[in-house]
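Worksheet for the structure shown next.
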Amino acid sequence: APTSTRYETILTSLLDAPALSYASGLAAFHALIVFLNPRRVALAGGYHGCHGVLRVLHKLNGLERLDLASAPDLDRLRRGDVIHVETPLNPTGEARDLAHWRRVADARGCWLTVDATFAPPPLLRPFDYGVDVVMHSGTKYFGGHSDMLSGVLAVRPALAAQGWVGRLAEERLLLGGVTGSLEAWLGVRSLRTLELRVRRQSASAQRLVDWLVAEKEAAGSVVRELVVRIQHASQQPEAKEEGSWLRKQMPNGYGPVFSLSLKSEEHAKRLPSKLALFHHATSLGGVESLIEWRAMTDTAVDRRLMRVSVGVEGWDDLRDDLLQGLQAVAAELEN
C-alpha cells in the first residue's frame with residue numbers, strides 16, 4: 001500500500017540501507033531466517049521470541065541453534081550459516097562488539113545479522129561494521145507510543161544490489177507478514193519524533209544508572225541494601241576506555257534500557273506495584289517508562305531481575321519514584 005511504501009522510504013533513509021517492513025519483529029526475524037535458509041544459527045541470550053522462532057524451524061527442517069558464547073559451537077559454523085547478534089542485549093542493555101563478530105563471520109563464511117532494536121538511530125549504525133542485515137522490532141522505538149506492531153529488515157546496500165530486497169518482498173507476500181496500512185501510518189507519525197525521543201530516553205537512562213551506581217556505594221542507602229547488580233552498556237569496562245570499541249560503536253549514548261537484580265525474588269516481584277510513574281509491562285520503547293519483573297515473560301532469566309525501559313518523563317521524577325518504591329518494598333519485607 002502507498003502508506004507502507006512511505007514508511008519504508010523513511011526507514012531506508014534513517015537506516016542507511018534499503019528497508020522492508022513486517023507485521024511484527026518476530027515476523028521480520030522469521031522472514032530473515034527463511035530467506036537465508038542456514039543449517040545453523042548462532043546467538044547468545046537476547047529476546048526469547050527469536051529462540052522460539054528457531055525452535056519452530058528446527059521442528060520443520062532440523063535447523064540447529066548454537067551458542068555464540070561457546071567456542072565448540074562456533075567451530076561448528078559453516079559457510080552460509082548465520083551469526084545473529086543482539087546489541088544492546090535484551091534484557092540487560094549491554095552491548096556487543098560488531099566489528100569482532102564481523103571478523104568471526106568472515107573467518108567462517110557466515111552471514112552476520114544484527115537485532116538493533118535497543119539502539120535505534122541515532123545510537124547505532126550497524127552497517128558501518130559490515131553487517132549484512134539489520135533487524136528491528138519497530139513495535140518499540142520506531143513506534144514509540146505503545147500502539148502499533150512492526151518489524152523491519154534493512155539490507156546492506158551491496159547485497160540489496162544483488163536483488164535481496166525484491167526476493168525478500170516476494171517471500172514476505174507468501175509468508176503473510178505484511179504491514180497493515182494503519183500500522184504504517186502510525187509508524188510514519190512516530191518516526192517524526194524518533195531522534196528527540198531516543199536521545200532524551202537514552203540520556204535519562206544514563207542519569208538514572210549513574211545515580212543508582214552512586215547510591216549503591218553510599219552507606220545507609222536503600223539502593224545499596226536492595227540492588228545487587230546494575231547492568232547497562234555504560235557499566236561495561238569498555239565504556240570507561242578512551243577509544244574503545246564500545247565508545248566508537250555507540251558515541252551518542254548507551255541506550256534507554258537497563259536492568260537491576262534485586263536482593264531476592266520476593267523483592268523483585270513486589271517492586272513494580274510500589275511505583276507510580278513506572279508501569280509494570282513487558283514492552284519497551286514507548287514514551288512512558290516501564291519496569292518488568294522479567295521472569296513473568298522469560299523463564300530463563302534470573303528471577304531477581306527487573307528490566308527498566310526509560311520513557312520521556314523527567315529523569316529526576318523517575319529517580320524519586322524508584323527511590324520511594326525501593327523504600328516501600330524494604331519496609332514491607334522487614335515487617
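Between the range 128-154 and the range 234-255, the alpha-carbon centres lie 22 Å apart. Using only side-chain charges placed at the Cβ, +1 for Lys and Arg and -1 for Asp and Glu, the dipole size of the range 1-139 relative to its Cα centre rounds to 380 debye. Looking at the range 164-255, the GluC sites (Glu not before Pro) that sit in a DSSP loop and have at most 12 other Cβ atoms within 10 Å of their own Cβ are 217, 241, 242. Length gained on full extension, residue 78 to residue 207, computed as 0.36 nm times the residue gap minus the Cα-Cα distance: 42.1 nm. Quick one: of the DSSP bridges fully inside the chain, what percent are antiparallel, nearest 5? That works out to approximately 55 percent antiparallel. In the chain, the longest principal axis of the Cα atoms and the axis of helix 48-61 are about 30 degrees apart. Spin-label model, residue 317/residue 332: points 7 Å from Cα along the beta carbon direction are separated by 2.3 nm.
Using all pairs of distinct alpha-carbon atoms, the Kirkwood hydrodynamic radius of the range 33-102 works out to 12.6 angstrom. Value of Rg to Rh for the range 224-296, rounded to two decimals, is 1.04; Kirkwood radius and Rg both from alpha-carbon coordinates.
These residues, 152, 213, go from largest to smallest accessible area, 1.4 Å probe, as 213, 152. Computed over protein heavy atoms with a 1.4 angstrom probe, the accessible surface ordering of 92, 297, largest first, is 297, 92.
Mean silhouette area of the range 164-302, derived from the convex hull of its C-alpha atoms and averaged over all directions, reads 12.4 nm².
Along the Cα-to-C-beta direction of residue 103, a point sits 7 Å from the Cα; which residues of the range 126-151 have their amide N less than 20 Å from that point? Label zone hits: 126-132. Residues considered: 119, 281, 218. Largest GNM mean-square fluctuation over the chain, using C-alpha springs under 10 Å, is found at 218. Give me log10 I(q)/I(0) at q = 0.35, 0.36 Å⁻¹ for the range 1-40, Debye formula, one equal scatterer per alpha-carbon, no solvent. One equal scatterer on each Cα of the range 1-40 leads to -1.04, -1.05. Based on the Stokes-Einstein relation at 10 °C and a viscosity of 1.306 mPa s, and on the Kirkwood radius from alpha carbon pairs, the range 1-72 is assigned a translational diffusion coefficient of 114 µm²/s.
Accessible surface of residue 128, taken over heavy atoms with a 1.4 Å probe and every protein chain present, rounds to 100 Å².
Size descriptor for the range 16-148, Kirkwood hydrodynamic radius: 15.0 Å (Cα pairs only, one decimal).
According to the calculation over all Cα-Cα pairs in the range 80-125, the P(r) per 10 Å bin from zero is 29, 50, 21, 0 %.
Note on residue 9 and residue 64: the model spin-label points, each 7 Å out from Cα along the C-beta direction, lie 4.6 nm apart.
Potential lengthening of the chain between residue 159 and residue 193 amounts to 9.3 nm, from the contour at 0.36 nm per residue minus the alpha-carbon distance. With a simple spin-label model that places each label point 7 Å from the Cα along the Cα-to-Cβ direction, the separation between residue 167 and residue 247 comes to 4.1 nm.
Over every pair of different alpha-carbon atoms in the chain, take the mean of 1/r and invert it; report that Kirkwood radius in Å. Mean inverse Cα-Cα distance, inverted, gives 20.5 Å. Every Cα-Cα pair in the range 220-261 was counted, and those over 11 Å apart are 68% of them. On a per residue basis, the convex hull of the C-alpha atoms belonging to the range 84-181 measures out at 124 Å³.
The values are calculated or read from the model by the stated rules, or taken from the named source; none is laboratory data. Because the structure is predicted, anything quoted here is derived from the model rather than measured. Because the Cβ atoms are built from the backbone with ideal geometry, glycine has one as well, and the counts that use them run over all protein chains shown. Note: areas computed on protein heavy atoms with side chains; ligands, DNA, RNA excluded. Shrake-Rupley method; radii C 1.70, N 1.55, O 1.52, S 1.80 Å.
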